[in-house]
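Note sheet for the following structure.
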Amino acid sequence: MNRLIIIARLAIAILPFYVVNIVLHMIFPHIPRLVTIPLNIILVVAAIYFIISGRKQYIIDNEGDDEGMPAYLEKSSYFFIVVGAFIAFFLGSADYRTTLYVDNGRAVPVEIKISSDQTETVPANGFIETSAPVGVNEILIDGKKKIIDIKEKGEWVYNIDNINSYIEAPVHYLNQDIRYKNGSEPEKPADTVKTTNIIHKEFFKLESTYFCEAPESITVDEKTQSGKVQTRTVLYRLPKEMSQVK
């Protein structure tokens, strides 16, 4: 099958499911995935049933001959329907959800539930990365209600009980295999970040590249200059004895 035809058929399959998911999230911003997933499955089953019925009727109308069957009734349509629905589900929900780090400074695990989503456990002195709808959200923390307003997409931090404090620091990456390529030395990274402000808030938008920990390596564009130091920023927790600064 021609690649352009495959792309076109996949796009056609994605469109109706994407529209349905967008409309659902527009009308019900906090609709949980436990509801949207079954709805999408029902739509997929309905679409497949429509194709099966259409194929049978076409064969009956053509006295058992399936030659010349319309493209939307071909057996390959099953594949496009399933893949299209899967892609549309994540595209539709991603437009209305964003990343939320829940940081637990307590010495015991904490159970949280965000806007009717599933209950999750945040480990003692640890954090989890989850997602939440953009907008006003109700968080249940060990059964106690908190309200947060996620004003826009991005990455946000909820610091349970405002226990922890944070400070931003740089982390530098360099490809050791090419550091002397062309006989040149790598550039020297900046010594420190310009600001040393301590963040002590219960809820805030993350402006750093990473939260609490940085990956051992990163992927950069292949056009990036050889030997060029790549600098990212990390928002680290301060030690407990310094976390009560307000």
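Rounding to the nearest 20 debye, state how big the charge dipole of the chain is about its Cα centre with +1 on each Lys and Arg Cβ and -1 on each Asp and Glu Cβ.
The dipole of the chain has a size of about 520 debye.
Ile87 to Ile7: extension gain in nm, 0.36 nm per residue of separation minus the Cα-Cα distance? Walk me through the numbers before you get to the answer.
Numbers: separation 80, 0.36 × 80 = 28.80 nm, distance 1.31 nm.
Gain on extension, Ile87 to Ile7, equals 27.5 nm.
Okay, helix-only estimate at 222 nm for the chain: each DSSP H run of n ≥ 4 adds -39500 (n - 2.57), divide by all residues, round to 500 deg cm²/dmol; what do you get? Walk me through the numbers on the way to the answer.
Working: 3 runs with 73 residues, N = 246.
About -10500 deg cm²/dmol.
For Lys205, what is the net charge nearby, where nearby means another residue's Cβ is under 9 Å from its Cβ and Lys, Arg count +1, Asp, Glu -1?
Overall, the nearby charge balance is -2.
Relative contact order, percent, of region 48-175 when contacts are C-alpha pairs under 8 Å separated by at least 6 residues?
Reported relative contact order: 21 percent.
Go through Lys146/Lys201; Lys151/Lys240; Lys146/Lys205; Lys145/Lys240 and tell me which ones have a Cα-Cα distance over 22 Å in this structure.
Beyond 22 Å between Cα atoms: Lys151/Lys240; Lys145/Lys240.
With an 8 Å cut-off on Cα pairs and a minimum separation of 6 or more residues, tell me the relative contact order of the chain in percent.
17
Please sort through the DSSP H helices of the chain and keep those with an alpha-carbon extent of at least 30 Å along the long axis and a Kyte-Doolittle average not below 1.0.
3-27, 33-61
Using amide H atoms built 1.01 Å from N in the peptide plane, name the residues 5+ places from Val171, or on other chains, whose amide H lies under 5 Å from its own.
Those lying under 5 Å, H to H, from Val171 are Arg232, Thr233, Val234.
Listed highest first by mean packing, meaning other Cβ atoms within 10 Å per residue, what order do 4-14, 124-134 come in?
The peptides rank, most packed first, as 124-134, 4-14.
At 0.36 nm per residue, and after removing the present C-alpha to C-alpha distance, how many nm does the segment from Glu67 to Ser131 gain when stretched out fully? Working shown, then result.
On the way: separation 64, 0.36 × 64 = 23.04 nm, distance 4.82 nm.
My answer for the length gained is 18.2 nm.
Taking the chain as a Gaussian network, where each spring joins two C-alpha atoms under 10 Å apart, which residue of Ile59, Ile51, Ile139 fluctuates the most?
Comparing Ile59, Ile51, Ile139 in a Gaussian network model of the chain, the most mobile one is Ile59.
Taking 0.36 nm per residue of sequence separation and subtracting the Cα-Cα distance, how much length would be gained by fully extending the chain between Lys205 and Tyr58, in nm to one decimal? Kindly include the intermediate steps, with their values, before the conclusion.
On the way: separation 147, 0.36 × 147 = 52.92 nm, distance 5.64 nm.
Additional length available on full extension: 47.3 nm.
Can you put Arg97, Arg106 in order of Cβ neighbours within 10 angstrom, beginning with the fewest?
Ascending number of Cβ neighbours within 10 Å: Arg106, Arg97.
Using alpha carbon centroids, what distance separates region 76-91 and region 113-147, in Å?
Distance between centres, Cα-based: 30 Å.
Go through [x] 22.3; [y] 20.4; [z] 18.0 and flag the label whose value is the computed Kirkwood radius over Cα pairs in Å for this structure.
The value matching this structure is [x].
None of the figures in this text is laboratory data; all of them are computed from the coordinates on show. Note that the coordinates shown come from a computational prediction; the quantities given were computed from them, not determined experimentally. A quick note on method: Cβ atoms are made from the backbone with ideal geometry, for glycine too, and the neighbour counts reach across all protein chains shown.
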